[in-house]
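Report on one structure; see the data block that follows.
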Amino acid sequence: MDNKLLYINIDGFSYSYLEQLQRYFPDGPFSKLVQKGLLFTQLRSGIVSITNPMQSAILCGAWSNRTHNFYQHYDWENACVIKHRRTCDAENVAQLFLRSGKTVASIHQFMLENNPCMEGVKDRAYIKCPQEKSNAFQRLAILKDMIQGKPVASGDQTFGFETLPDFTAVYIDDIDSLGHNNSYEIYPKRADFSQRQRDIMERLNQIGQCLLDIVQCSRETEQFRNLTILITTDHGMTPFFGKSDLPDIVRHLNEAGISASLPENRTEHTRVVALSYTIEVSLYCAPDITEHEKETIERVCQELPYLQRYFGKAEMEEEYGFDPRGPEFLLSPQYGKHFYHRDIEKNTFAASHDSFHETSQHIFGLLLDGSIPANTLYAENTAVIDLIPAITEEKFGLVLNPERRELRQDLRRLFAEKKVPGF
């Protein structure tokens, strides 16, 4: 049987959640899953730790200088904010497999919808639950049906799969919705951060049990012998509270002699536009900004008491593969602080993941593969975008984004030639 890759992305799975699961549920589902595979203990998200940019980056093994998705940017010439939505200009893993004569499928992995997965086409099937709003259990139930060869609907067609396609992607967003402190299914919006953490632990335990069931199901059908399962995420989640510092940064810049405004308030005299997402803020400068003005902006950033870190354009492009359309400066505040467009009400909290704090940057990743000994820890700093390319090259002989090939050498060595008993 040919090798197969099953990629399951649990959106918003901070490594801090795994630490809580292992502390409070040492015999729980995720502890059992970790014992079956290789856990990445230092897996990192990207500098733009936002869902669409990171989902595309993981699938392409590339940063925004190739995918051209970093969520949004300010177009100075046209005085508008441009959203990147599902932009993904680099080749993704499903496209690579398909042009190599292999089969692919996506269960709710939206970045693959029509790129290349399509409803009603078996060799590249895009599969959705019949429910308007589906959850992890319903999506993983479809995956189980596929493994067992049961009929699965894709658009107006129904397919039976004798084995899993060569590459199958599954996207799960329960944890992200809960992490943002949204009202979600039986869980109301919470005023207390610790209560929301308990909600997340409860749902993760339920998802973990479903994943154990998927592993067992693959054993029973004997597909596990040639199956690599990668379970990971795009980003973590960081809470924030109280008053927004967005007006404050604009005020400080103006007091320093740099005319600054929000996008909607720009005038002919504006030199800097402050474009926020939720936690972080990007500073876009006029095309004719001077070095002296940039030095003044840096000095303001250095003096802000609530800033964890700021990044300059050169660092972002050279160290983090940032699209050249990105900002001149990116500002990430300390834990709990934010540059959101509004204040957060007292006695409650909000949460997001565009943050350089560990709770957003340090993320979950687990590899289940018969060629890797079980209950293994991989403690090297690892970019999540390098996982799929390392697997595709070593298990399938297919190279995704060759520009980062040298950076993936240690990861590729994980796959020993001699097989050990499957997971």
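The values are calculated or read from the model by the stated rules, or taken from the named source; none is laboratory data. Source: prediction; values computed, not measured. Here the Cβ positions follow ideal geometry from the backbone for every residue, glycine too, while neighbour counts run over all protein chains shown. Just the protein is used for accessible areas: all its heavy atoms, side chains included, with ligands, DNA and RNA removed. Shrake-Rupley method; radii C 1.70, N 1.55, O 1.52, S 1.80 Å.
Normalised by residue count, the range 219-354 yields a Cα convex hull volume of 168 Å³ per residue.
Highest GNM mean-square fluctuation among PRO402, PRO305, PRO247, for the chain modelled with Cα contacts below 10 Å: PRO305. The value obtained for the range 149-303, namely the Cα convex hull volume divided by the number of residues, is 238 Å³ per residue. Hydrodynamic estimate: the Kirkwood radius of the range 100-213 over Cα pairs, inserted into Stokes-Einstein at 10 °C and 1.306 mPa s, corresponds to D of 104 µm²/s.
Scanning the chain for long hydrophobic helices, with DSSP H runs required to stretch 15 angstrom or more by C-alpha along their axis and to average at least -1.0 on the Kyte-Doolittle scale, returns 136-147, 193-220. Sorting the segments 131-142, 43-54 by their mean number of nearby beta carbons within 10 angstrom, highest to lowest, gives 43-54, 131-142.
Atom-type composition of the exposed protein surface of the range 217-344 places 45 percent of the accessible area on carbon and sulfur (1.4 angstrom probe).
Between GLN409 and LYS122, the modelled label-to-label distance comes to 4.4 nm, taking each label 7 Å out from Cα in the direction of the beta carbon. The average projected area of the chain, computed from the convex hull of its Cα atoms over all directions, is 20.7 nm². Taking the protein heavy atoms of the range 121-211 in the context of the full set of protein chains, the accessible area attributed to carbon and sulfur is 47 percent at 1.4 Å. Taking a ≥ b ≥ c as the square roots of the eigenvalues of the Cα gyration tensor, an a/c ratio of 1.5 or more together with a/b no larger than b/c marks the range 18-112 as oblate.
By a 1.4 Å probe calculation restricted to protein chains, CYS88 has an accessible surface near 20 Å², given to the nearest 10. For a paramagnetic label modelled on TRP76 (point 7 Å from Cα along Cα→Cβ), amide N atoms under 13 Å away belong, within the range 291-333, to 291-294, 313, 325-329. A dipole drawn for the range 1-119 from +1 and -1 charges on Cβ atoms has a positive end, and of ASN9, LEU96, THR41 the residue lying farthest that way is THR41.
The translational diffusion coefficient of the range 284-403, from Stokes-Einstein at 10 °C and 1.306 mPa s with a Kirkwood hydrodynamic radius over alpha carbon pairs, comes to 87 µm²/s. Our estimate of slack between ALA191 and ASN265, defined as 0.36 nm per intervening residue step minus the Cα-Cα distance, is 23.3 nm. A simple charge model with +1 on the Cβ of Lys and Arg, -1 on the Cβ of Asp and Glu and nothing else charged puts the dipole of the range 113-209 at about 260 debye relative to its Cα centre. Shown for the range 126-169 is the translational diffusion coefficient from the Stokes-Einstein equation, using the Kirkwood radius over Cα pairs, a temperature of 20 °C and a viscosity of 1.002 mPa s: 198 µm²/s.
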